[in-house]
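Chemist: Please see the structure below; I have some questions.
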Amino acid sequence: MIGFIGAGNIGGAVITGLVRNGFDNDQIVVKGGKSNTTKDLQSQLGFKMVPKIKQLTDPEVIFIAVGETALDSVLSELSAVSEGKLIVTFTGGATIPRLKKKLGSDAKVATAIPNTPVKVGAGFTGITYSENFEPADKKKVASILGYTGQIVEVPSEQLGILGTVAGCSPAFLDLFIEALSDAGVKHGLNRKLAYDAAIGMAIGASKLAKQSDLSVPELKDEVTSPGGSTIRGVTALEENGFRNAVIKAVDAAEGE
């Protein structure tokens, strides 16, 4: 059995991805909050719900998905039942030392950053484990999060930037899709068809980039025929600072 503390945007997305991709909802117990968010999600997905953290005695793995301001108080309550459990947090600023300070030096803790596509089983989650996480422990966590997409272990110093590249970029891609749709409408497509074309392209191009033996630049070169329309479009993107704008967006998200 697994437990969740927090079922908001990210917690709810992970729970949804788990259930909709085959994880047994009877094996999920979620600590409900003061709002109706968890209750509403429960009515859709059918998991178990408890009102207090101290009731999370059965789960072997507990995922924490609360805001950073609430993290310390959650950890204080969780410490009463955390012994022997694997604790994984999705909270920004939840470093391994911070978790161990609250839960004890022997606690097996991890910090992870999922992105919103976990909701449809197509997510990308970076994770960092404490040193006392055994290989079998990592395998257990990975087998759970595997229902929501890809999971990659990285050193703690890389988790932040990985989270930015994978976690913030769905919003960047949404903006790109919206802009493509606007361009399609400008040139005569109806709005629905313009969105269908842009979204279909994003899905297909991403799948091709993932599965192809060619690198991303090589895939781009396959489309950009000499003197053709695509290379003219690529040139226009570069002239308008597209590549630099993306890098600056990541810099800004990183706080630079």
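Chemist: Report whether or not PHE63 is in contact with a helix residue (DSSP H, G or I) (Cβ under 6 Å, 6 or more places away or on another chain) and at pLDDT 95 or above.
Modeler: No.
Chemist: Looking only at the stretch 223-252, count how many residues are farther than 30 Å from ILE161 by Cα and open to solvent by 90 Å² or more (accessible area, probe 1.4 Å).
Modeler: Count: 2.
Chemist: Additional query: When the stretch 11-33 is examined, which residues are found to be over 15 Å from ILE144 (Cβ atoms), of a type outside the set (Lys, Arg) and either in a helix (DSSP H, G or I) or in contact with a strand residue (DSSP E or B) (Cβ under 6 Å, 6 or more places away or on another chain) (or both)?
Modeler: GLY12, GLY32
Chemist: Going residue by residue through the stretch 1-13, is there one that turns out to be over 18 Å from the mean Cα position of the chain (by Cα) and free of Cβ contacts under 8 Å to residues at least 12 places away in the same chain?
Modeler: No.
Chemist: Mind listing just one residue for me: the one in the stretch 9-33 that is small (Gly, Ala, Ser) and surrounded by 16 or more Cβ atoms within 10 Å (Cβ to Cβ) and, of those, nearest to THR116 (Cα to Cα)?
Modeler: Our first condition is that a residue be small (Gly, Ala, Ser); within the stretch 9-33, this holds for 11-13, 17, 22, 32-33.
Checking the rest, the ones that are also surrounded by 16 or more Cβ atoms within 10 Å (Cβ to Cβ) come to 11-13, 17, 32-33.
On the way: GLY11: 10, GLY12: 10, ALA13: 6, GLY17: 10, GLY32: 21, GLY33: 21 Å.
Looking at the filtered set, the residue picked out is ALA13.
Chemist: Take ALA198 and decide whether it is open to solvent by less than 60 Å² (accessible area, probe 1.4 Å) and either under 30 Å from ALA236 (Cβ atoms) or of a type outside the set (Lys, Arg) (or both). Outline the logic, then answer.
Modeler: Working: open to solvent by less than 60 Å² (accessible area, probe 1.4 Å): yes; either under 30 Å from ALA236 (Cβ atoms) or of a type outside the set (Lys, Arg) (or both): yes.
Yes: the conditions hold for ALA198.
Per-residue answers, yes or no, for (1) out of contact with any Asp or Glu (no Cβ under 7 Å at 6 or more places or on another chain); (2) under 17 Å from THR111 (Cα atoms); (3) among the small types (Gly, Ala, Ser):
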position	(1), (2), (3)
GLY32	yes, no, yes
THR57	yes, no, no
ALA65	yes, yes, yes
VAL74	yes, yes, no
LEU78	yes, yes, no
GLU83	yes, no, no
ILE87	yes, yes, no
ALA94	yes, yes, yes
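Chemist: Mind checking which residues of the stretch 133-192 are farther than 28 Å from GLU254 by Cβ, open to solvent by less than 70 Å² (accessible area, probe 1.4 Å) and in contact (Cβ under 8 Å) with a residue 24 or more places away in the chain?
Modeler: Result: ASP137, ILE144.
Chemist: Kindly indicate the residue of the stretch 140-182 that is over 30 Å from ALA197 (Cβ atoms) and outside any helix (DSSP H, G or I) and also nearest to the chain's Cα centre (by Cα) among those meeting that condition.
Modeler: ILE151
The values are calculated or read from the model by the stated rules, or taken from the named source; none is laboratory data. Because the structure is predicted, anything quoted here is derived from the model rather than measured. Note that we place each Cβ from the backbone using ideal geometry, even for glycine, and neighbour counts take in every protein chain shown. Ligands, DNA and RNA are excluded from the accessible area calculation, which covers all protein heavy atoms including side chains. Shrake-Rupley method; radii C 1.70, N 1.55, O 1.52, S 1.80 Å.
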